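The structure under discussion appears below in the form of C-alpha cells.
Values quoted throughout were computed directly from the atomic coordinates according to the rules given, and no laboratory measurement underlies them. Just so it is clear, the structure is predicted and the values come from calculations on it, not from any experiment. Heads up, the Cβs are rebuilt from the backbone with ideal geometry, glycines too, and the neighbour counts pull from every protein chain shown.
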Amino acid sequence: MSQNWHTTDDIESLIDPEVRAEIGDPIPISTAATAVYIPLLFLGLGLAIFWQGTISVQQFSWPRIAEDAAIGFGVGLALVAITWFLSRVLTPLQDLEREFRRVLGHVSTQRILALALLSGVAEELVFRGTLQPWIGYVATSIIFGCIHFVPSPVFLPWTLFALGAGFLFGWLFEYRDSLIAPIFAHVTVNALNLLLIVRGQRKT
C-alpha cells in the first residue's frame, strides 16, 4: 500500500470538535454517508417524478414489479459472486477490502442493510432516474464511476468496479424501462459486499 494518500483526517479536521464528540471520534463513515444520502434520496425522488417522469403511477403493475425485482436481484447476486471470486485471487482487491474494513470499523448488520438500501435507492434515483434520460447512458455511467474516485491507489479497484457497475445498472434501466431492476441490483450488491467485507468473510 505504498503511496497511499488518505483524505479522511483532513475532512474530519474541518468539523466542529463538539459535533465530533457527539457523533463519535473518529466520525463513523456510515453516519457521514447517511447524512449525504438522505437529502440525495429526496432530491432524486423529486427530480425523477416531476422532471424526468421515470416514476409514475402507470408503471406500477405488481407482476412487472416482481419480474423487475427478480431480474435485478439475480444480476446483483451474479456481480457479488464475480467480485467474491476475484477477491480471492487478486491482491489489489484484497488490499482494498482490508482498507474498507479499517475505514468502516465495526458496523452492525442492521446499519449495513439500512445504508445499502439508502445508498442504492438514492443513487439510482439520481443517476438512472434523473441523469440518464437527460445526458445519456454512457455519460451517466462515466460520471457514476467518477464520483466513486478516491485519491488513493488502494481505492482504484473500487472506482473501476463502480464504473462497470454503472454501465450494468444503466443497461438494466434501458432494458427494463424501469428503475426497479437497477435499484434491486444496486442494493443487493451494496448489502452483500459490505457484509462480506466488514465481517471479514472473504479470503483476504
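Quick check on packing: order 54-63, 38-47, 152-161, 176-185 by the mean number of other C-beta atoms within 10 Å, highest mean leading. It would help to have the intermediate numbers written out before the result.
Working: 54-63: 11.0, 38-47: 15.5, 152-161: 17.6, 176-185: 23.7.
Sorting 54-63, 38-47, 152-161, 176-185 by mean packing, highest first, produces 176-185, 152-161, 38-47, 54-63.
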Report the net charge of residues surrounding ILE112, where surrounding means a beta-carbon distance below 13 angstrom and charges are Lys +1, Arg +1, Asp -1, Glu -1. +3
Return the long-range amide H neighbours of VAL107 (sequence gap of 5 or more, or a different chain), with a cut-off of under 5 Å between placed amide H atoms. none
Kirkwood Rh and Cα Rg combined as Rg/Rh, region 113-204: 0.99
Quick one: net charge around SER178, please, counting Lys, Arg +1 and Asp, Glu -1 for every other residue with C-beta under 13 Å from its C-beta. -2
More than 26 angstrom apart: percent of Cα pairs within region 8-198: 34
Can you divide the C-alpha Rg of region 103-142 by 2.2 N^0.38 Å and report the result to two decimal places? 1.55
In what sequence do VAL198, VAL138 fall when counting other Cβ within 10 Å, fewest first? VAL138, VAL198
